[in-house]
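Note sheet for the following structure.
The values are calculated or read from the model by the stated rules, or taken from the named source; none is laboratory data. Quantities reported herein were computed from a predicted structural model and do not represent experimental measurements. Don't worry about glycine lacking a Cβ; one is built from the backbone with ideal geometry, like all the others, and counts go over all protein chains shown.
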Amino acid sequence: MSGTLRDAAVTPRYRLEELLIGRIADLLEGSRHVAVGASSPIPGSGALLARHLSGGDMRVSVLGSRSLQDFTDGGVEIFDLAAQGRIDAFFLSGGQIDGAGNINLVGVGDYPRQKVRWSGSFGSAYLYYLVPRVILFRLEHTRRTMVERVDFISAPGTSVDNVYRPGGPYALITNICLFAFDRERRRFRLDSVHPGHTVEEVRDNTGFDFDVPEASTAIPETPVPDESRLALIRGEIAAAIADPYPKFAAEMLGLEGNST
Amino acid sequence: MPVQVITDIEALAARVPDGARIALVKSASGPPMALVRALIRRGARGLHLVCVPTGGLAVDLLIGAGCVDALETSAVTLDEFGQAPAFGRAVRAGSLRLLDATCPAVYAGLQAGEKGLPFMPLRGLVGSDLARHRTDWKLIDNPFGEDDPIVCLPAIVPDLALIHVRRTDRQGNLYVGDAREMMLMAHAARETLATAESIFDGSLVDDAALRPGVIPGIYVSAVAEARDGARPLGLPGAYDTDDEHLAQYADMARDEAGFAEYLDRFVFDRKAAAE
């Protein structure tokens with residue numbers, strides 16, 4: 001299973017998904033309102049865990065769910081909320097992500113007649129500018145996805161100073177590591193490497209330059225969720241995320257059929 | 001003009017002229033799939049689709065069937081069933097005029113349309129390749145601020161909003177509940193053609209609890225009953241998406257021959273069965 005620890009000496013105690021959910025929850029700490037877009041079961045679970053850990057201080061809205069959001073103004077409401085500063089954190093991804101934090105959800109090759117066409121930009125060209133803590137999430141960390149320069153900028157990582165831009169990239173979390181984004185330097189900095197992976201592996205699989213603080217041996221391992229967190233993720237969080245993502249809750253978090 | 005209640009969905013599809021600019025809602029809100037299939041059967045051509053704010057099966061079918069010239073959208077996707085195959089082929093062939101957008105830009109354009117305004121400003125967008133390619137979007141300096149560049153989007157006024165609802169009455173009042181993007185589409189479009197799961201003999205605006213979720217008939221020119229009219233997509237509050245069918249479509253539509261077979265089996269064959 002790709003989601004388990006590769007080191008045969010260690011009994012796989014948790015899945016990659018659970019490690020990511022735990023780390024995402026930490027990244028969201030202190031947010032008043034976290035919104036989660038479509039097709040995002042791991043970010044959604046991370047947000048629900050963060051809400052639990054906040055002791056009820058955090059609001060979470062999961063789009064595409066009936067029970068995990070209470071919007072009443074149709075599709076436009078999340079965008080209006082974002083522009084007013086009522087959303088503190090959101091998740092975006094990209095078919096390509098580059099070292100300046102630019103994301104591409106449109107396709108590969110020269111636009112418009114691209115050789116590979118993806119879905120499109122969705123709300124990225126707006127939310128990336130307006131939501132203060134945008135966490136980039138991509139489970140494929142390769143030179144194909146982490147590129148020197150994106151083929152199409154759905155949304156830029158940074159803007160010139162006079163552009164209204166309270167928002168932008170905060171972190172980039174992948175299947176092998178976590179980067180923090182440095183807005184002043186307009187670059188990513190390696191923050192931690194997931195257990196079983198190395199800084200060299202990150203370098204080999206990343207098409208862009210990034211900062212590594214001082215001695216690369218000092219890069220910490222991404223913390224593993226402890227037993228109580230794992231129990232939470234597999235229990236309460238799995239039950240809640242099963243509303244929009246029943247398959248994910250059952251297959252990845254081990255939620256049993258009628259446990260809700 | 002009073003609302004026409006049409007019994008035959010093919011006759012409703014005949015009211016959509018070639019070349020029309022048409023608004024269709026995202027898959028999750030339940031677009032009028034039965035009407036879309038009727039449009040394909042009638043051989044509609046040259047349509048300009050406005051996806052509110054994204055497209056899915058409805059849009060992929062129309063593109064693959066050769067009905068679409070221009071596509072204004074934030075995304076086209078089959079969601080968990082992957083990329084939209086006919087859309088991808090059309091992009092590679094260069095056969096579509098693409099107007100890539102972002103979700104709130106579609107809503108903002110329609111909001112300008114519903115207010116009868118020429119444009120709407122919107123945050124974000126500055127410096128993106130979307131804005132670079134959308135030469136119909138204009139960057140201005142905020143007239144109320146100082147050194148504050150902001151993008152203005154032209155009003156989107158579709159010729160027709162095509163929508164499917166759970167209920168209509170004979171005055172063309174359409175119950176959409178909290179799917180307010182459908183209300184926005186109807187407000188912005190010159191005309192709305194609707195299909196409904198059922199036709200109610202009373203008035204939907206008489207019920208105070210329903211009334212806030214009703215598009216009044218003033219926007220609507222014709223309605224037709226179409227039970228299961230959003231299937232195989234889901235209709236919130238009525239039925240869920242048929243995942244098996246979507247998986248089958250994603251599989252069949254991977255190449256043109258499979259797509260043609262899908263049309264034969266699930267679009268054209270229905271007419272034969274109805275005749």
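A few comments on the model shown:
- Filter result (in contact with an Asp or Glu (Cβ under 9 Å, 6 or more places away or on another chain) and buried (at least 24 other Cβ atoms within 10 Å of the Cβ)) within the stretch A:59-101: A:VAL62, A:GLY75, A:GLN96
- Failed item, numbered, when B:PRO232 is tested on (1) surrounded by 20 or more Cβ atoms within 10 Å (Cβ to Cβ); (2) closer than 23 Å to B:PRO53 by Cβ: (1)
- Pairs with Cβ under 6 Å, 6+ apart, first in the stretch B:110-131 and facing chain A (nearest Cβ under 7 Å), second surrounded by fewer than 19 Cβ atoms within 10 Å (Cβ to Cβ) and of a type in the set (A, V, I, L, M, F, W, C): B:VAL126/A:VAL163
- Condition met for B:VAL165 (aliphatic (A, V, I, L, M), in a loop (DSSP other than H, G, I, E, B) and under 25 Å from B:GLY116 (Cβ atoms)): no
- Pairs with Cβ under 9 Å, 6+ apart, first in the stretch B:137-159 and under 30 Å from B:VAL25 (Cβ atoms) and within 10 Å of another protein chain (Cβ to nearest Cβ), second among the hydroxyl-bearing types (Ser, Thr, Tyr) and outside any strand (DSSP E or B): B:ILE150/A:TYR164
- With respect to the stated conditions, B:LEU71 fails to be outside the structural domain of B:ARG180 (by TED's automatic domain parsing), at pLDDT 95 or above and in contact with a helix residue (DSSP H, G or I) (Cβ under 8 Å, 6 or more places away or on another chain).
- Residues of the stretch B:45-86 that are assigned to a loop (DSSP other than H, G, I, E, B) and among the polar types (S, T, N, Q): B:THR54, B:SER74.
- Filtered by the rule that a residue be under 22 Å from A:ARG187 (Cβ atoms) and at the interface with another protein chain (Cβ under 7 Å from one of its Cβ atoms), the stretch A:88-127 gives A:SER124, A:ALA125.
- Screening the stretch B:88-99 for residues that are at the interface with chain A (Cβ under 7 Å from one of its Cβ atoms) and not in a loop (DSSP other than H, G, I, E, B) and picking the one that is nearest to A:LYS247 (Cα to Cα) gives B:GLY88.
- Residue count, the stretch B:100-109 (criterion: outside any helix (DSSP H, G or I) and more than 7 Å from chain A (Cβ to nearest Cβ)): 1
- With respect to the conditions (1) in contact (Cβ under 8 Å) with a residue 12 or more places away in the chain; (2) farther than 30 Å from A:ASN162 by Cβ; (3) not in a strand (DSSP E or B), B:ALA208 lacks only one, and its number is (1).
- Taking the criterion of being among the aromatic types (Phe, Trp, Tyr), within 14 Å of chain B (Cβ to nearest Cβ) and touching a strand residue (DSSP E or B) at 6+ places or on another chain (Cβ under 6 Å), the only residue of the stretch A:148-183 that qualifies is A:PHE152.
- In the stretch B:85-98 there is no residue matching the filter, namely being buried (at least 20 other Cβ atoms within 10 Å of the Cβ) and of a type in the set (S, T, N, Q).
- Looking across the stretch B:38-77, the residues that are closer than 24 Å to B:ASP242 by Cα, away from chain A (no Cβ under 14 Å) and surrounded by 24 or more Cβ atoms within 10 Å (Cβ to Cβ) come down to B:ALA38, B:LEU39, B:ALA58, B:LEU61, B:LEU62.
- Test for B:GLU197: is it at pLDDT 95 or above and surrounded by 16 or more Cβ atoms within 10 Å (Cβ to Cβ): yes
- Residue in the stretch B:29-44 that is in contact with a Ser or Thr (Cβ under 9 Å, 6 or more places away or on another chain) and among the charged types (D, E, K, R) present: no
- Any hit, the stretch A:129-147, residues being surrounded by fewer than 24 Cβ atoms within 10 Å (Cβ to Cβ), touching a strand residue (DSSP E or B) at 6+ places or on another chain (Cβ under 8 Å), more than 7 Å from every other protein chain (Cβ to nearest Cβ) and among the aromatic types (Phe, Trp, Tyr): yes
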